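Chemist: Have a look at this one before I ask anything.
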Amino acid sequence: YAAKDSRCGVRVYRPEDDHDTARRLALMAGLRVAVDAGTLTVVYQPKVDPTTGRVLGAEALVRWQHDGRPVPPDEFIPLAEQARLIEPLTRHVLDTALADCATWRGLGHELSVAVNLSPDMLTDAALTGRVEQALHRHGLPAAALTLEITENALMADPTNARRTLDALHGLGVKLSIDDFGTGHSSLGRLAHLPIHEVKIDKSFVRHIVTDRSRRAVTDAALQLAHALDLTVVAEGVEEQDELDYLRRHGCHAIQGYLISKPIPPVEFLTWLTTTRAGGRLSV
Ligand code: C2E
Ligand code: MG
Ligand code: MG
Ligand code: MG
């Protein structure tokens with residue numbers, strides 16, 4: 001079989017292409033039903049200060065069960081983007097995350113919540129108004145919300161993206177660059193954006209202790225962040241020696257299986273109040 005991306009542009013028929021298309025269509029149809037019915041759920045992964053052990057907030061991550069099986073977001077988020085379902089999906093996640101955040105704060109946990117935004121959302125002129133209304137509905141200050149955006153989202157349509165970022169920043173919402181190091185933006189460009197936080201991608205965190213060249217991305221992000229007064233979060237921390245390195249180098253927050261996997265809201269509250277007495281853990 002010729003490669004799918006064969007350079008002469010000819011696509012050879014492969015039976016598995018039909019199968020892939022059928023699966024994608026079935027997933028899209030199922031996803032539409034789930035979005036309409038509001039049956040997508042949200043799990044939370046804490047962001048923790050590696051120096052004090054204080055829980056700073058949590059990231060909301062969407063989950064979908066289709067035919068009794070979980071479909072990974074890396075598979076269905078791109079489908080949602082293609083099927084124009086990303087806007088209602090994001091609204092659902094935002095609303096759920098803000099409702100849960102209001103519950104935490106009502107119980108005395110001064111946490112913030114982070115929601116992921118697909119690139120397309122940044123060019124949606126209605127976004128800022130929707131975010132403002134949702135915050136109001138749940139009685140939350142704008143600073144309780146962080147929106148995570150990938151670098152590439154800013155590159156696709158920089159003018160519109162910039163306008164949206166400025167409007168969100170004007171509301172008081174915090175903006176975070178997700179998966180930092182995997183995209184194509186330069187550190188210099190980020191300096192001109194109203195960004196509050198940079199999240200070092202887990203692919204770099206994974207090699208912090210063993211691979212000097214990949215550690216360089218982490219070191220550069222930490223240096224940039226300190227120079228620009230940004231918060232640095234490391235995602236995908238799985239090992240104690242990764243945490244130790246990040247703490248020694250002034251990383252402000254860590255996320256990863258070492259602290260907790262993403263967990264459903266009820267479990268998250270239990271984790272906060274009982275497992276980690278007082279919202280702190282020993283790191
Ligand atoms: P992300 O925003 O970069 O989220 C981090 C991903 O890494 C999550 O995968 C999380 O479960 C996983 N992770 C966290 N700690 C560790 C660790 O220690 N080790 C490893 N190996 N993985 C870890 P998840 O939940 O499968 O989400 C994947 C991606 O899907 C997210 O990457 C985000 O880009 C997207 N996504 C998830 N929820 C939403 C959503 O509500 N809206 C949008 N637009 N995208 C979402
Ligand atoms: Mg994220
Ligand atoms: Mg990330
Ligand atoms: Mg990611």
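The values are calculated or read from the model by the stated rules, or taken from the named source; none is laboratory data. What you are looking at is a predicted structure, and each value in this text was computed from that prediction instead of being measured. Here the Cβ positions follow ideal geometry from the backbone for every residue, glycine too, while neighbour counts run over all protein chains shown. Note: areas computed on protein heavy atoms with side chains; ligands, DNA, RNA excluded. Shrake-Rupley method; radii C 1.70, N 1.55, O 1.52, S 1.80 Å.
Chemist: On each of the three principal axes of the Cα atoms of segment 51-191, give max minus min coordinate, whole Å, ordered largest first.
Modeler: That gives 43, 41, 35 Å along the principal axes, largest extent first.
Chemist: Within the chain, how many Lys pairs that are eight or more residues apart, or on different chains, come under 22 Å at the alpha-carbon?
Modeler: Count of close lysine pairs: 8.
Chemist: Using the scaling law 2.2 N^0.38 Å as the reference, what is the normalised Cα Rg of the chain? Write out the running numbers ahead of the final one.
Modeler: Numbers: Rg = 19.7 Å, N = 283, 2.2 N^0.38 = 18.8 Å.
So the chain has a normalised radius of gyration of 1.05.
Chemist: Further, regarding this structure: Expressed as a whole percentage, what fraction of the accessible surface of the chain belongs to carbon and sulfur atoms when a 1.4 Å probe is rolled over the protein heavy atoms?
Modeler: Here carbon and sulfur together make up 52 percent of the probe-accessible area.
Chemist: Also: Normalised by the residues of segment 101-196, what does the relative contact order come to in percent, with Cα pairs under 8 Å and at least six apart? Could the numbers behind the result be given before it?
Modeler: Working: 121 pairs, mean separation 27.9, N = 96.
Taking the mean separation of contacting Cα pairs over the length of segment 101-196, I get 29 percent.
Chemist: Here is a further query. Semi-axes, largest first, in whole Å: what does sqrt of 5 times each Cα gyration tensor eigenvalue give for segment 1-131? Can you show the working numbers first?
Modeler: On the way: eigenvalues 253, 59, 48 Å².
Ellipsoid semi-axes (Å, largest first): 36, 17, 15.
Chemist: Given a Förster distance of 35 Å, report the FRET efficiency between Asp18 and Asp219 from their Cβ-Cβ distance, rounded to the nearest 0.05.
Modeler: Numbers: r = 47 Å, r/R0 = 1.36.
The value I calculate is 0.15.
Chemist: Counting heavy atoms of the protein chains only and a 1.4 Å probe, report the per residue accessible area for segment 14-104 as a whole number of Å². Mind dumping the intermediate values first?
Modeler: Values: 4350 Å² over 91 residues.
Roughly 48 Å² per residue, with all protein chains present.
Chemist: For the chain, the longest stretch holding no trypsin sites (Lys or Arg not before Pro) located in a DSSP loop with at most 13 other Cβ atoms within 10 Å is which? Let's see the in-between values first.
Modeler: Values: sites that count: Lys4, Arg7, Arg11, Arg84.
The answer is 85-283.
Chemist: Can I ask one more? Please identify the GluC sites (Glu not before Pro) of segment 52-134 that satisfy two criteria: DSSP loop assignment and at most 14 other Cβ atoms within 10 Å. Which are they? List each step's numbers first, then the result.
Modeler: Numbers: sites: Glu59, Glu75, Glu81, Glu110, Glu132; in loops: Glu110.
Answer by residue number: Glu110.
Chemist: Determine by what factor the alpha-carbon radius of gyration of segment 118-170 differs from 2.2 N^0.38 Å, reporting the quotient.
Modeler: On the way: Rg = 11.3 Å, N = 53, 2.2 N^0.38 = 9.9 Å.
Ratio of Rg to 2.2 N^0.38 Å for segment 118-170: 1.14.
Chemist: Given a 1.4 angstrom probe, what's the average accessible area per residue across segment 153-215, in square angstrom? Spell out each step's value before the answer.
Modeler: Details: 3090 Å² over 63 residues.
Here the per-residue accessible area is 49 Å².
Chemist: Let me ask something additional. Ignoring everything except DSSP H segments at least 4 long, calculate the 222 nm mean residue ellipticity for the chain; use -39,500 (n - 2.57) per segment, divide by total residues, nearest 500. Spell out each step's value before the answer.
Modeler: Details: 11 runs with 125 residues, N = 283.
My calculation for the chain gives -13500 deg cm²/dmol from helical runs alone.
Chemist: Would you mind checking segment 213-237 for residues with the amide N under 20 Å from a putative spin-label position 7 Å along Cα→C-beta of Thr51?
Modeler: Inside the label zone: 218-235, 237.
Chemist: Sequence gap at least 6, Cα distance under 8 Å: using those rules, report the relative contact order of the chain to the nearest whole percent.
Modeler: About 18 percent, as a whole number.
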